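Everything below concerns the one structure shown next.
Computed from the coordinates by the stated procedures, all read-outs in this text should not be read as laboratory data. All values reported here derive from a predicted model rather than from experimental measurement. Counting neighbours? That spans all protein chains shown, and the Cβs are built from the backbone with ideal geometry, glycine included.
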């Protein structure tokens, strides 16, 4: 007698659709019955397009609550288990449960259904080695031993399903629950290596079922876009895996979206915690939306405080002495573009600050990250040096609210000597500067923020910081104009000269990545992945180079990155863009500053098809070093780049994408003209006279900057002369 097998396709909230997965199952297993279960907004269930829905259209109140209680997977499993129990009661012999968007069928699933009437799929068969790759053995223990996106249930699994349904509450995690189920019940584990390949294991060239949990179809170069280190299973460099993912791409198309309640309330981690930990059932979140919001409101902010260490540090007693401050923050959070992240407590305690008995008016208090290895720390130190050279009196106060490494030990007074204060501290940290140094704000009569930013759009939380300053100074005209457009206080352009770099003695042959190139032209683009990869736009540079030159034509593009291990999926995207071209070399390493300058000096051109720059320091340094430059005709670099000393690439403005939470999608930045960039690359490679002219003009531009002493005198005039 032929067994009845049903496939339950669980559809999470988002843009995934079940039809491509159902079509693959119908092709490989035409006798199977297939239907879908919707786990999104119950009032917005989409048409299934030929795949029948196995669940009711509208949910009972307790089912609505279950969808938003705890991890999203808990509510989805609740929906799936209920359907599996009904199908088994209706005479189906086996039910295969598959999560749409997280699994893809590329071959026969007989190994799954024949492994046993009830069968789980192991995430990893062998011990995961301690080799620095992710996921690790510890990750496996935390996540659970078995896949949470595919399972098979038969008639003998009814006790298991009843046990499972009883424990599927908002406070559990599905992975460990499956691990426990395997210990208590008679469950087979599918041992076929072709079933369940994915980020945990991939040991076959012919996968039948791909477990792509966590995969993002918009980042197809990696199985694990959240990986912060090299992944255990990579796609780049493995053509068979890339080919398999291409074949099933339609099944994985789309992405999860956070659930939203009527009125637009996002079901975030805080909402899920509140609902999961509630002793009594809340009102139904969709069918009784107003009642649910009223129930949620007094519970939301305490739960957010309990989840976030930054809020706990800023407001240690939210029900007592910190109550008023925390309430003010909550009210402000409602009006911001995003709920702002507060800065974590300083890792180095702030040294006590002494206030002079009589404050002077002939100088200024310089505040900044003076002891930190960072760009802003360097700006503060250069302003100190500028004041020294111009004989302008100053005192120094070190702020420690920075994630940048400490270790610099400049002489710091930590004294408030003057009524003027110049603070080289980011705008979003000004409220915490006031918390750290309240006496600075009470003593200062003229508070100046020296601020940097990379976009024309100024976020709301930075605009709110303007209430704490009397003036804003900025180091480029681009940043000056951006702040001036929204500021109610004066904004001044106060540039700091870019110092001439001092390269190490290393030459091209001393860099292993360049040693075999001889006299071949080398174009260089550089970036720090921590500075928002998309803003630096290295993929745009790679794509332009691929179109500008045929493989083997001669020129080489070197993509020099740093901190790729902390933004691994972003780095994988570069590798994917460069894949198949041995004349595009991606090199991720943090060099000593003088070696980095030697590298810039050793190449034939610096390319920056950036989307936006506050200043463009790397371009200024290349010009100092007589390295010709190609750059986007947009943002801070235009203070020192023009058509006489550089090749500028035209651009249009587009909405921000992949802003990594730093830049909102409502803002705009540049989209360089690829055809124009191609022309610039071919010109720089093919015209030695052009390279020589740009090299000389670039250095001449940098050499004619104002000196540090000039900057110090300007600061003195602005502070003391009333300009």
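Values computed for the structure shown
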| quantity | calculated |
| --- | --- |
| Rounded to 5, the percent of DSSP beta bridges in the chain classed as antiparallel | 25 |
| Relative contact order for segment 645-722, counting Cα pairs under 8 Å that sit 6 or more residues apart, in percent | 29 |
| Between segment 23-97 and segment 280-309, the alpha-carbon center distance in angstrom | 27 |
| Average silhouette area of the chain, convex hull of alpha-carbon atoms, in square nanometres | 34.9 |
| Anisotropy class of segment 5-252 from Cα gyration tensor, a/c 1.5 cut | rounded |
| Descending Cα extents along the principal axes, segment 508-703, whole Å | 43, 34, 33 |
| Diffusion coefficient, µm² s⁻¹, Stokes-Einstein with Kirkwood Rh over alpha-carbon pairs of segment 415-466 at 25 °C and 0.890 mPa s | 208 |
| Relative exposure of 243, 278, judged by other C-beta atoms within 10 Å (fewest first) | 243, 278 |
| Helix-derived mean residue ellipticity, 222 nm - over the chain, DSSP H n ≥ 4, -39500 (n - 2.57), to 500 | -10000 deg cm²/dmol |
| Least to most buried among 462, 562 (fewest other Cβ within 10 Å first) | 562, 462 |
| Degrees, to the nearest 10: 323-335 long Cα axis against longest axis of the chain | 80 |
| Antiparallel bridge percentage (DSSP; both residues within segment 508-703; nearest 5) | 20 |
| Pairwise Cα inverse-distance average, inverted: Kirkwood Rh of segment 163-275 (Å) | 17.0 |
| For segment 625-697 and segment 500-547, distance of Cα centres in Å | 15 |
| For segment 354-493, alpha-carbon Rg relative to the globular expectation (2.2 N^0.38 Å, N residues) | 0.99 |
| Relative contact order (percent, whole number), the chain, Cα cutoff 8 Å, 6+ residue spacing | 10 |
| Chain lengthening between residue 499 and residue 388 when straightened (0.36 nm per residue, less Cα-Cα) | 38.4 nm |
